[in-house]
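Working notes for the structure below.
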Amino acid sequence: MTPPLSEPLPPEPLAPRYSTQPFPAYRYVPRLNPHPCADPRGHSYQPPGVSHPRPPLLPPERWSECEAWRFGVDLFNHAYWWETHEIWEAIWQQSDKGGPQGRFLQGLIQVAAALLKRHVGEAEGTARLLERSRAHLDFVAPRVAAVYMGLALGAWREAVSRYFAPLAESTGTRSAPYPFIVLKGA
């Protein structure tokens, strides 16, 4: 039997914030909440003809000035995974999608999507997204500094791998903590 859908709880409600933007009214979970953009009751709904704002993408070395990047980190760390995907995709759309910054953003977007898929019990979708993320980040890692856009990429990737490792067989609990994104130099 599939457990009932629920909003994810933030892994650490008092995790540090990197932006000043307020969080959305709810964490979107398909089949549970109104679609944020398509439903007039959605937390990010814009009437037809009104375009969504496109936050600017700054060069990687100016990451600390990029409010959308930092807000996406806050969303990720507080379990707003669909919303993380949306804000980072808005800046990814402006990137060189085949270059390190574009592939970095794509890899992180896919981890956020994998977290949501895992939350709703879609194991196949979770695995597929993690594999795609791994391919993007495998491309990025040798081409960028160890700390890229404020993130210690190698350590974070290890944390993601441990988090998504199978449940500990003896206890049925997760063997690793949530892979928070901690920005260095923020």
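The values are calculated or read from the model by the stated rules, or taken from the named source; none is laboratory data. On a predicted model such as this, the values are computed, not experimentally measured, just so you know. Cβ coordinates were reconstructed from backbone atoms using ideal geometry, including for glycine residues, and neighbour counts include every protein chain displayed.
Structure values in brief
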quantity: Breaking point among (1) under 19 Å from ALA155 (Cα atoms); (2) buried (at least 17 other Cβ atoms within 10 Å of the Cβ); (3) more than 10 Å from the chain's Cα centre (by Cα); (4) charged (D, E, K, R), for LYS117; calculated: (1)
quantity: Tally of residues being surrounded by 15 or more Cβ atoms within 10 Å (Cβ to Cβ), more than 26 Å from LYS117 (Cα to Cα) and either without any contact (Cβ under 8 Å) to a residue 24 or more places away in the chain or acidic (Asp, Glu) (or both) across the range 19-63; calculated: 1
quantity: Number of the condition not met by PHE23 [criteria: (1) in contact with a helix residue (DSSP H, G or I) (Cβ under 7 Å, 6 or more places away or on another chain); (2) more than 29 Å from PHE139 (Cβ to Cβ); (3) of a type in the set (Phe, Trp, Tyr)]; calculated: (1)
quantity: The range 108-130 residues that are in contact (Cβ under 8 Å) with a residue 12 or more places away in the chain, paired with ones that are crowded, with 17+ Cβ neighbours inside 10 Å and among the small types (Gly, Ala, Ser) (beta carbon under 6 Å, 6 or more apart); calculated: GLN110/SER133; VAL111/SER133; THR126/ALA114; LEU129/ALA113; LEU129/ALA114; LEU130/ALA114
quantity: Among (1) part of a loop (DSSP other than H, G, I, E, B); (2) under 20 Å from PRO22 (Cβ atoms); (3) not small (Gly, Ala, Ser), the one test that TRP69 misses; calculated: (1)
quantity: Qualifying residue in the range 96-106 (condition: modelled with pLDDT under 95, acidic (Asp, Glu), surrounded by fewer than 16 Cβ atoms within 10 Å (Cβ to Cβ) and part of a loop (DSSP other than H, G, I, E, B)); calculated: no
quantity: Residues satisfying the stated conditions in the range 54-81, i.e. of a type in the set (Phe, Trp, Tyr) and touching a Lys or Arg at 6+ places or on another chain (Cβ under 7 Å); calculated: TYR80
